[in-house]
Amino acid sequence: MSCSHRPPAPSFRSGRRFATVVTTAACLVVLSNWADMCNRGVQAFENPSEVEASPQTLTLEQFARMDQKTFEKSLQQLRQTSERPNSLVSASSATVSAIGQKLRNANESAPDYWPAVLRFVQLASSNLAPKAPPPGQHPRALSDILSVGIMRGIREEARTILFDKGPLGNGTFIHCRIVFTTGPVEMQNVVFRNCAFEFPTTAPPGIYLKKVCRIILASGIESVSIASLR
């Protein structure tokens, strides 16, 4: 009687050794991919020319370090960063000044320019004015302040003021929250020191608000002087 030769069945120990090799190889592939992703992320933040490709929310310091061309391509991201709660976004005066200079040099006709400017000025001014009233307080209307017939100008401190209409001459505002509206306020010899600014953002800004933003950016936000605005 003849018997066919059969190969010996693999032992349990051999099967376990094979599974260990396969598992180890798979882990090495995962770790390699993870390290590569981390490396690309670090490079994106170290290289300003590539930072706009990152899906993460950028810091104001990263915008300040960008070259002008990259910065202008990242205006939408600047707006998104500026829309975050003040407690999550902070910046030094030097960083705010650097971003303000880039905004002044940017193309104002770009679709994302003014939305980015309005949100950035609002965020930056709030950060730089810690003694100003918090948002949401009931404001006092500028028209009511002026209605009493003040001849030598006004001085307000740590108040929330609604700039509804003017004209306003010889006014000083310190640690105030200034809430602008679409209604133009003629100003002459007006000073804002460590004030937080709010703007309407439901519609594109008109000529008046654009003039106000240009002056605020040029002044560095913390101390703003308006000689004449009509």
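Considered as a group, the residues in the stretch 138-162 that are touching a Lys or Arg at 6+ places or on another chain (Cβ under 7 Å) and surrounded by fewer than 16 Cβ atoms within 10 Å (Cβ to Cβ) include one that is nearest to C176 (Cα to Cα), and that residue is A158.
Residue by residue, here is whether (1) loosely packed, with under 13 Cβ neighbours inside 10 Å; (2) in the same structural domain as K211 (by TED's automatic domain parsing); (3) modelled with pLDDT of 95 or more holds:
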{"site": "M66", "(1), (2), (3)": "no, no, yes"}
{"site": "F71", "(1), (2), (3)": "no, no, yes"}
{"site": "L78", "(1), (2), (3)": "no, no, yes"}
{"site": "N86", "(1), (2), (3)": "no, no, no"}
{"site": "G100", "(1), (2), (3)": "no, no, yes"}
{"site": "N105", "(1), (2), (3)": "yes, no, yes"}
{"site": "E108", "(1), (2), (3)": "yes, no, yes"}
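When you scan the stretch 165-182, do you find a residue that is assigned to a loop (DSSP other than H, G, I, E, B), closer than 17 Å to I215 by Cα and in contact (Cβ under 8 Å) with a residue 24 or more places away in the chain, even just one? Yes, that holds for at least one residue.
Taken over the stretch 199-211, the residue count meeting the criterion of being within 18 Å of E83 (Cα to Cα) and free of Cβ contacts under 8 Å to residues at least 40 places away in the same chain is 3. If the condition is being over 21 Å from the mean Cα position of the chain (by Cα), of a type outside the set (D, E, K, R) and closer than 13 Å to L229 by Cα, then the stretch 184-209 contributes P184, V185, M187, Q188, N189, V190, V191, I207, Y208. Among residues that are touching a residue at least 60 places away in the same chain (Cβ under 8 Å) and either within 30 Å of S92 (Cβ to Cβ) or touching a helix residue (DSSP H, G or I) at 6+ places or on another chain (Cβ under 6 Å) (or both), R214 is included.
Can you pull out every residue in the stretch 201-230 that is surrounded by 14 or more Cβ atoms within 10 Å (Cβ to Cβ) and of a type outside the set (V, I, T)?
P205, Y208, L209, K210, K211, C213, R214, L217, S219, G220, E222, L229, listed by residue number.
Note on the stretch 210-224: among residues that are over 18 Å from P115 (Cα atoms) and within 18 Å of the chain's Cα centre (by Cα), the one that is modelled with the highest pLDDT is E222.
Within the stretch 163-183, take every residue that is over 19 Å from L229 (Cα atoms) and not charged (D, E, K, R) and give me the one that is surrounded by the most Cβ atoms within 10 Å (Cβ to Cβ). Don't jump to the end; show me each part of the working.
Kept after step one, since they are over 19 Å from L229 (Cα atoms), are these residues of the stretch 163-183: 174-177.
The next check asks that each one be not charged (D, E, K, R); those that pass are 174-176.
Working: I174: 17, H175: 18, C176: 25.
Per the criteria, the residue is C176.
Answer yes if at least one residue in the stretch 223-230 is basic (K, R), touching a residue at least 12 places away in the same chain (Cβ under 8 Å), within 16 Å of D164 (Cα to Cα) and not in a strand (DSSP E or B), and no otherwise. Yes - at least one qualifying residue is present in the stretch 223-230.
Filter the stretch 143-164 down to residues that are of a type in the set (V, I, T) and out of contact with any helix residue (DSSP H, G or I) (no Cβ under 7 Å at 6 or more places or on another chain) and give me whichever is nearest to K211 (Cα to Cα). I'd like the intermediate steps shown before the answer.
Quick first cut of the stretch 143-164, residues of a type in the set (V, I, T) only: 145, 148, 150, 154, 160-161.
Going one step further and asking which of them are out of contact with any helix residue (DSSP H, G or I) (no Cβ under 7 Å at 6 or more places or on another chain), we end up with 145, 148, 150, 160.
Values: I145: 23, V148: 28, I150: 26, T160: 21 Å.
The selected residue is T160.
Within the stretch 102-135, the set of residues being part of a helix (DSSP H, G or I), of a type in the set (S, T, N, Q) and without any contact (Cβ under 8 Å) to a residue 40 or more places away in the chain comprises just one member, N105.
The values are calculated or read from the model by the stated rules, or taken from the named source; none is laboratory data. Quick caveat: nothing in here was measured; it's all calculated off a predicted structure. All Cβ positions, glycine included, derive from the backbone under ideal geometry; neighbour counts span all protein chains shown.
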